[in-house]
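Written out below as structure tokens is the structure these notes cover.
The values are calculated or read from the model by the stated rules, or taken from the named source; none is laboratory data. Owing to the predicted nature of the structure, the values given are computational and were not obtained by experimental measurement. Using ideal geometry, Cβ is built from the backbone for each residue, glycine included, and neighbour counts are taken over all protein chains shown.
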Amino acid sequence: MLENYTHEIDKIRKSIKHILNSILKANEIFLIAVKKCDIQKFDEAKSYLKNISSKIESIDNEIIKILALYTPEARDLREVVAYFKIDNELLRVVSNSRKLIKGFKDNCFVLDESIVNEYVMPLQISTVRTIENSIKMIGLDNSDELKDIYHAVMVEEDKTDELYMLLEKKIFESLKNINDFAKIHNILRVFRRSEKIADRTMSIANLLLYIQEGGTLKRI
């Protein structure tokens, strides 16, 4: 039974890692698209998110099967529960990534290039780094290394909060008249998605740390 259980858990780890790599690729390509307002690149980025929701649902079903067949306990149960919660966070990351890509594609030429270069690009770069580092945490058993990578995720997530606030301030300062407000509000909602991706990825990193270290589950 132990061998079968280990095999099934390993499959779930690999599936989650595969999904996060697809999300990472979408956000990396989006970063390229933003720099030049490349419509084809926006579409390419979106293609990496195709059918991910159904893949996440499949992982949920596999987790339920594991709980039913193997009734894991202690650390094993902690790991299975964490993966179930990670799936929920993945759905949020995918949703925000789709809305980010579509929203910027629709508003690509609204912002001045200097604002894009100074705030938008660094914001998305930090978001990409949170995803990159969370992927490195999957299946990692070395506690010290895991904590170091978790700290790196936290640093980049903090950067997205700060950069979004700076971006918001800069954009409102650039308002020429009250008629610009609706347009500006719309574009800020788009970039808020990048920050939310980092927030949800931080939650995933928190759950991956919980698998190894235990303690109390925290809602982020």
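List of remarks:
- Ser114 being among the hydroxyl-bearing types (Ser, Thr, Tyr) and either free of Cβ contacts under 8 Å to residues at least 12 places away in the same chain or touching a helix residue (DSSP H, G or I) at 6+ places or on another chain (Cβ under 6 Å) (or both): yes
- Those residues of region 85-109 which are among the hydrophobic types (A, V, I, L, M, F, W, C), closer than 15 Å to Lys36 by Cβ and in contact with a helix residue (DSSP H, G or I) (Cβ under 8 Å, 6 or more places away or on another chain), in sequence order: Ile101, Phe104, Cys108
- Residue selected from region 103-141 under the condition among the aliphatic types (A, V, I, L, M) and at pLDDT below 90, by the criterion surrounded by the most Cβ atoms within 10 Å (Cβ to Cβ): Leu111
- Residues that are free of Cβ contacts under 8 Å to residues at least 12 places away in the same chain and farther than 18 Å from Arg98 by Cα, drawn from region 11-40: Lys14, Lys36
For every residue, the table says whether it meets (1) buried (at least 19 other Cβ atoms within 10 Å of the Cβ); (2) β-branched (Val, Ile, Thr); (3) touching a strand residue (DSSP E or B) at 6+ places or on another chain (Cβ under 7 Å); (4) modelled with pLDDT under 95.
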position: Leu146; (1), (2), (3), (4): yes, no, no, no
position: Ile149; (1), (2), (3), (4): yes, yes, no, no
position: Ala182; (1), (2), (3), (4): no, no, no, yes
position: Met202; (1), (2), (3), (4): yes, no, no, no
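- The selection criterion, being aromatic (Phe, Trp, Tyr) and closer than 22 Å to Ile29 by Cα, holds for Tyr48.
- Reported count of residues in region 1-10, each being among the aliphatic types (A, V, I, L, M) and in contact (Cβ under 8 Å) with a residue 24 or more places away in the chain, is 2.
- Residue check for Lys99: within 18 Å of Lys14 (Cβ to Cβ) and among the basic types (Lys, Arg): no
- Cβ pairs under 8 Å, 6+ apart, first in region 58-71 and touching a residue at least 60 places away in the same chain (Cβ under 8 Å), second outside any helix (DSSP H, G or I): Ile66/Pro72; Tyr70/Met1
- Checking each residue of region 51-73 against the condition of being surrounded by fewer than 19 Cβ atoms within 10 Å (Cβ to Cβ) and either under 13 Å from the mean Cα position of the chain (by Cα) or under 15 Å from Ile197 (Cβ atoms) (or both) gives no match.
- Of the helices (runs of 4 or more DSSP H) entirely within region 29-143, none holds at least 2 residues that are at positive phi and of a type outside the set (Gly, Ala, Ser).
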